[in-house]
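The values are calculated or read from the model by the stated rules, or taken from the named source; none is laboratory data. What you see is a predicted model, and the numbers here were worked out from it, not measured in a lab. We place every Cβ from the backbone using ideal geometry, glycine too, and count neighbours over all the protein chains shown. For the accessible areas, the whole protein counts, side chains as well, though only heavy atoms, and no ligand, DNA or RNA atoms are used. Shrake-Rupley method; radii C 1.70, N 1.55, O 1.52, S 1.80 Å.
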Amino acid sequence: MIMDIEGIREHLPHRYPFLLVDRVIALTPGESIEAYKNLTINEPYFDGHFPSNPVFPGVLLVEAMAQAAGILGFKTMGKTPADGSIYYLVGVDDLRFKRPCVPGDQVHLHANIVSERRGIWKFAVRATVNGEICASANILCADR
């Protein structure tokens, strides 16, 4: 399943400048998602992080992975934010950063469902550029 920006906006409540998923290129409800975020120098955080050496902030990379996982969760449940459902990022475990992401990178966001119990979802997530791991973690999201 492929999802363009309109489908993404239907499944995430985020909007510019905090919508961090540009396209979904593979999605199997109940299993996994692969999406991407294109990084361009004109994004506002690069002005200050860092002016002479622009790097995509790590917290935003975690947020981008969580947003991809959120789309997977919404599609798996057959819900959207318009239905009154919202996903909150409630925990991050085993977070590791391996490589910085910089302007010009296409960051691939991968998420796999690990478990779901009473509205708490656990996802194994990772971000890659050209097949090289940039970050990985286990995240918890709550459906409210």
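Going through Ile25, Ile2 one at a time, which residue ends up being more than 17 Å from Ile139 (Cα to Cα) and surrounded by 11 or more Cβ atoms within 10 Å (Cβ to Cβ)?
On inspection, the qualifying residue turns out to be Ile25.
If you take the residues of the range 28-62 that are surrounded by 11 or more Cβ atoms within 10 Å (Cβ to Cβ) and hydroxyl-bearing (Ser, Thr, Tyr), which of them is nearest to Cys134 (Cα to Cα)?
Tyr36
Going through Lys75, Lys79 one at a time, which residue ends up being modelled with pLDDT under 95, among the charged types (D, E, K, R) and either more than 9 Å from the chain's Cα centre (by Cα) or open to solvent by 60 Å² or more (accessible area, probe 1.4 Å) (or both)?
Lys79
If you take the residues in the range 5-16 that are open to solvent by less than 70 Å² (accessible area, probe 1.4 Å) and either without any contact (Cβ under 8 Å) to a residue 40 or more places away in the chain or part of a loop (DSSP other than H, G, I, E, B) (or both), which one is farthest from Tyr87 (Cα to Cα)?
Per the stated criteria, the residue is Ile5.
Across the range 98-144, what is the number of residues that are in a strand (DSSP E or B), in contact with a strand residue (DSSP E or B) (Cβ under 7 Å, 6 or more places away or on another chain) and either of a type in the set (A, V, I, L, M, F, W, C) or surrounded by 14 or more Cβ atoms within 10 Å (Cβ to Cβ) (or both)?
30
List pairs: first in the range 120-144 and free of Cβ contacts under 8 Å to residues at least 40 places away in the same chain and on the phi < 0 side of the Ramachandran plot, second outside any strand (DSSP E or B) and acidic (Asp, Glu), Cβ under 9 Å, 6+ apart or cross-chain?
Val129/Asp105
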